[in-house]
Amino acid sequence: MTQALLKVDSVNVFYKDVQVLRDVTLEVRKGEIVTVIGPNGAGKSTLMNTVIGFLHPGTGSISFDGRSIERVPPEKVVQLGLTIVPEGARVFSEMSVLDNLKMGSYIKTARAERDQSLEQVFTFFPRLHERMHQKAGTLSGGERQMLAIGRALMSRPSLLLLDEPSLGLAPILVNKVFETVKEIAATGLTVLLVEQNVHCSLEMTDRGYVLENGRMVMEGSGSELMNNAHIKKSYLAI
């Protein structure tokens, strides 16, 4: 079996005295696309923010490439090869597209390969190449999401976390985002995706988890979950 790149083991996370995640366990193996689905408020973004280091678990452990990271600050986690695209396509509006991308390669190892990374990002997102001298704030919502993903790729991660990448996008752009995520994964990059668009995400995922009320209630291959009666009824309206 392929080695697990990320392991989350029995993690409990609290906001003050409110418990948000309860004994959450998951793993992501090298080269996989793994999706976490669940309703609003289930704790999906909390899970992502805990993995990247914005939050720390009360109990439980998180390891990345064999190293314990549950107490490691986000900037150090990025240096280890783990990068997040947060919900909401956050970009530096007053900076150009090109400067936004360069900001993604601030760590030493990524700076050395900046030109190569830029070329790869522009291959995935030709629109960003066309707009590279425009201010990021002038981009459409879909273009900003492309830029947010491109900026994350500039850090040369081995694991890319995507938090709701299709949120607020028109259906045609949603398809484009998911197609590009598949292309990115095909280069060998491992992807952990949190997404409310259950149909699109499960269709392309290797394995998936279902998070409800802070607990993992189900896991399986993308096709297993797509054919599950509970998923069909609760998430796919079938």
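Would you check if there is a residue in the stretch 100-112 being out of contact with any Leu (no Cβ under 8 Å at 6 or more places or on another chain), of a type in the set (Ser, Thr, Tyr) and closer than 21 Å to THR50 by Cα? No; the residues of the stretch 100-112 include none that is out of contact with any Leu (no Cβ under 8 Å at 6 or more places or on another chain), of a type in the set (Ser, Thr, Tyr) and closer than 21 Å to THR50 by Cα. Remark: VAL28 matches the filter, which requires a residue to be out of contact with any helix residue (DSSP H, G or I) (no Cβ under 7 Å at 6 or more places or on another chain) and β-branched (Val, Ile, Thr). Against the conditions (1) crowded, with 16+ Cβ neighbours inside 10 Å; (2) without any contact (Cβ under 8 Å) to a residue 24 or more places away in the chain; (3) under 30 Å from GLY142 (Cα atoms), VAL72 satisfies every one except (3).
Table: residues versus (1) surrounded by 14 or more Cβ atoms within 10 Å (Cβ to Cβ); (2) under 20 Å from the mean Cα position of the chain (by Cα); (3) under 21 Å from VAL191 (Cα atoms); (4) among the aliphatic types (A, V, I, L, M).
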position	(1), (2), (3), (4)
GLY81	yes, yes, yes, no
GLU94	no, no, no, no
VAL97	yes, no, no, yes
LEU101	yes, yes, yes, yes
PHE122	yes, yes, yes, no
HIS129	yes, no, no, no
ALA136	yes, no, no, yes
GLY142	yes, yes, yes, no
MET146	yes, yes, yes, yes
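Among residues that are charged (D, E, K, R), touching a His at 6+ places or on another chain (Cβ under 9 Å), modelled with pLDDT of 90 or more and surrounded by fewer than 19 Cβ atoms within 10 Å (Cβ to Cβ), ARG67 is not included.
Residues checked against (1) closer than 24 Å to ALA4 by Cβ; (2) basic (Lys, Arg); (3) loosely packed, with under 13 Cβ neighbours inside 10 Å:
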site: CYS200; (1), (2), (3): no, no, no
site: ARG215; (1), (2), (3): yes, yes, no
site: GLY220; (1), (2), (3): yes, no, no
site: GLU224; (1), (2), (3): yes, no, no
site: ALA229; (1), (2), (3): no, no, yes
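Whether any residue in the stretch 163-174 is of a type in the set (Gly, Ala, Ser) and either within 12 Å of the chain's Cα centre (by Cα) or surrounded by 23 or more Cβ atoms within 10 Å (Cβ to Cβ) (or both) is what I want to check. Checked against the condition, which is being of a type in the set (Gly, Ala, Ser) and either within 12 Å of the chain's Cα centre (by Cα) or surrounded by 23 or more Cβ atoms within 10 Å (Cβ to Cβ) (or both), the stretch 163-174 yields at least one hit.
Keeping to the stretch 143-166, report how many residues are farther than 21 Å from ARG131 by Cβ, outside any strand (DSSP E or B) and not polar (S, T, N, Q). Summing the residues that are farther than 21 Å from ARG131 by Cβ, outside any strand (DSSP E or B) and not polar (S, T, N, Q) in the stretch 143-166 gives 3. Scanning for something under 25 Å from VAL13 (Cα atoms), surrounded by 16 or more Cβ atoms within 10 Å (Cβ to Cβ) and either modelled with pLDDT of 95 or more or in contact with a His (Cβ under 7 Å, 6 or more places away or on another chain) (or both), does the stretch 180-191 turn up at least one residue? Within the stretch 180-191, one or more residues are under 25 Å from VAL13 (Cα atoms), surrounded by 16 or more Cβ atoms within 10 Å (Cβ to Cβ) and either modelled with pLDDT of 95 or more or in contact with a His (Cβ under 7 Å, 6 or more places away or on another chain) (or both). Reported count of residues in the stretch 23-34, each being within 20 Å of GLY60 (Cβ to Cβ) and crowded, with 16+ Cβ neighbours inside 10 Å, is 6.
Taken over the stretch 44-69, residues that are more than 16 Å from the chain's Cα centre (by Cα), among the hydroxyl-bearing types (Ser, Thr, Tyr) and closer than 21 Å to ARG29 by Cβ amount to 3. Residue-level check: of (1) of a type in the set (Lys, Arg); (2) touching a residue at least 12 places away in the same chain (Cβ under 8 Å); (3) surrounded by fewer than 21 Cβ atoms within 10 Å (Cβ to Cβ), ARG111 misses just (2).
Of the helices (runs of 4 or more DSSP H) lying entirely inside the stretch 180-238, those containing at least 1 residues that are more than 21 Å from ARG29 (Cα to Cα) and of a type in the set (Gly, Ala, Ser) are 229-234.
The values are calculated or read from the model by the stated rules, or taken from the named source; none is laboratory data. On a predicted model such as this, the values are computed, not experimentally measured, just so you know. Cβ sites come from the backbone with ideal geometry, for glycine too, and all protein chains shown count toward neighbours.
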